[in-house]
1. Can you tell me which residues in the range 204-228 are over 18 Å from the mean Cα position of the chain (by Cα), assigned to a helix (DSSP H, G or I) and either modelled with pLDDT of 90 or more or loosely packed, with under 12 Cβ neighbours inside 10 Å (or both)?
2. Does ALA69 qualify as being modelled with pLDDT of 95 or more, out of contact with any helix residue (DSSP H, G or I) (no Cβ under 8 Å at 6 or more places or on another chain) and not basic (Lys, Arg)?
3. Could you grab me the full set of residues in the range 67-118 that are acidic (Asp, Glu) and closer than 30 Å to MET136 by Cβ?
4. Could you go through the range 18-32 and let me know if any residue there is under 14 Å from PRO87 (Cβ atoms), in contact with a strand residue (DSSP E or B) (Cβ under 6 Å, 6 or more places away or on another chain) and modelled with pLDDT under 95.
5. Would you call SER338 under 11 Å from VAL261 (Cα atoms) and touching a Lys or Arg at 6+ places or on another chain (Cβ under 8 Å)?
6. Checking the condition surrounded by fewer than 16 Cβ atoms within 10 Å (Cβ to Cβ) and in a helix (DSSP H, G or I), which residue from GLU245, GLU278 passes?
7. If only one of LEU232, LEU279 is of a type outside the set (D, E, K, R) and farther than 28 Å from ASP175 by Cα, which one is it?
8. Taking the condition surrounded by 12 or more Cβ atoms within 10 Å (Cβ to Cβ), closer than 26 Å to HIS219 by Cβ and out of contact with any helix residue (DSSP H, G or I) (no Cβ under 6 Å at 6 or more places or on another chain), does ASP121 pass?
Amino acid sequence: MARVKFTAGRIRDFLCPEGRAQAFLWDADAPGLAVRATTGAKVFVFQSKLNGKDIRLKIGDTRAWGIDAARDEARRLLTLMNQGIDPRDERQERVVANEAKRKDAARQQATVGDAWLVYLDARRAKWGERHLLNHMNMAKAGGEKRTRGRRKGESETTQPGPLHSLLSIRLADLDGDAVKAWLEPLAARTPTQAAQTYRALRAFLTWCTDRPEYRSIAHADACNRRMARDTLPKARAKDDCLQREQLPAWFEQVGKIGNPVIAAYLQALLLTGARREELAGLKWEDVDFQWKSITIHDKVEGERTIPLTPYVASLLAPLPRRTVIRDGEPVSLPWVFSSPTAASGRLQEPRIQHVKALDAAGLPHVSLHGLRRSFGTLAEWVECPAGISAQIMGHKPSAIAEKHYRRRPLDLLRQWHTKIEGWILEQAGIEQPSEELSRGLRAVQ
C-alpha cells in the first residue's frame, strides 16, 4: 500500500476511479489511517489487525473531521488494539452509555401526567371499573359541558380534577414542598376530596419508586405522615344510617319518586345491603325468580349469590325490559336498572332523587352507601347472626370460624334475609308480599 502524507489538497483531489466501488488513500503519518472514497463520499477509516484478523472502523466524514483529529483518533484506536481491546466493543459501550444518558435525560423531563397515564394502564387489570374511573376523574382537565343536574351556583361546565394542576410539572420536581403547596388550598376548599386524592397520590408515588424508569426521580417521601396529619382532616368513620322510626317517611317519599327504576333501586339497596355499583350493574340474567336468588358481581370475592326476598322480587318484576336503537339496530338492554338515555344503558345517578326524597321526608342526609350501612344496622333488631348479614352484604369474614368453617346454604340465608326484610317493612307500615304472590311473579317470568 502506497502511503502519502495527508494534506487538504490531496484529500480533495482523491477520487474513486470509475468502475470501482471504493478506493483508499493511506496516510504516511498515522499507521492504519486512510481516506476511503466512494462515488458518493469520502470518509476517514482506520484498519489494523487484532488477534490475526483485519478490523476496519469508520472514523468519520472528511468534511467533518480535520486531518490532525483523524490522526489522533487512529492512534487512540491503535493503542486500544495493542492492549488487546476491540475498538468495536469500546464503541458499543460508548453508544450504550450515551443511550443511557439520553434516556436518563428524558426521564428527568417526564411529567407527573406522563407517569400517571402509565400508572393507570399498569393498574387497570387489578382495579375495578369504578376505582379506575375515580382515578381518571382526578386528573381530568374539566371544561366539559355538564350532562347531569347541577347544584345551584355551579357552572355549566365541569371543574378540573384535583390532580390536574400537578400533571404538567416534572415528576422529579414533585417533592414534599410541591405536594404541600398543592394540598393546603385543596384541603381548605374540599377536605374530604383532598384526603381521597392525597391517598391516591401517595399510592402513585410509591408505585413510581418501584419502577426502574421512575425510581431515580420520584420522591418517595413527598407524601409524608406529618403533612397528612397537619393538613388533612382527621378520618372519621361514616355513621349516616336510617333509624327504625325514620323508615315510614323514607319509604313513603322514595315510593313517590316519578322514575320507577330509581325508586326500585333505592329500596333494593336498603333491603339487600348491596354496594351501589354492585346493584346498579345487576343484569336480568343475574335474577332468578324461580329459585328466588340474585347473583351479585362482588368487588371483593368476584360474585356472591343472595336470596331474592319477596318484596325485592315485587320491585324488580315490573321493571321494564328496554330495547334501544343503536346504529339503526334494536339492542336489548341487559340491565335490571336500565336507562335508555345513558351511554352505558344503565342507571347512573340516583343520588339526586334520593336527596330530594330525604328533603321531602324531613330526614337528615343518608348517602347511598348509608343505605347499605342501614341494612347491617337494622338486621340486628331481629337478632340476625352477624355472619349471616355479613355474607349477604359481601363482607369478608372477620374471624377464623367464619373464614374456614362457615359455608351457609342459600336457604339458610333466605330464612334470615326474609325475616330482616319483613321487619323493616313492618316498621315502615308496608305489608310483605305473600308466598303466593312470589309464585305468581315466578309464573310471569
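The values are calculated or read from the model by the stated rules, or taken from the named source; none is laboratory data. Since we're looking at a predicted model, the values are computed, not measured. Reconstructed Cβ throughout: ideal geometry from the backbone, glycine too, with neighbour counts over all protein chains shown.
1. Matches in the range 204-228: ARG225, ARG226.
2. Yes; evaluated as a whole, the condition is true for this residue.
3. Scanning the range 67-118 gives ASP104, ASP114.
4. Yes, the range 18-32 contains a residue that is under 14 Å from PRO87 (Cβ atoms), in contact with a strand residue (DSSP E or B) (Cβ under 6 Å, 6 or more places away or on another chain) and modelled with pLDDT under 95.
5. So SER338 passes the test.
6. GLU245
7. The unique qualifying residue is LEU279.
8. Numbers: surrounded by 12 or more Cβ atoms within 10 Å (Cβ to Cβ): no; closer than 26 Å to HIS219 by Cβ: yes; out of contact with any helix residue (DSSP H, G or I) (no Cβ under 6 Å at 6 or more places or on another chain): yes.
The answer is no for ASP121.
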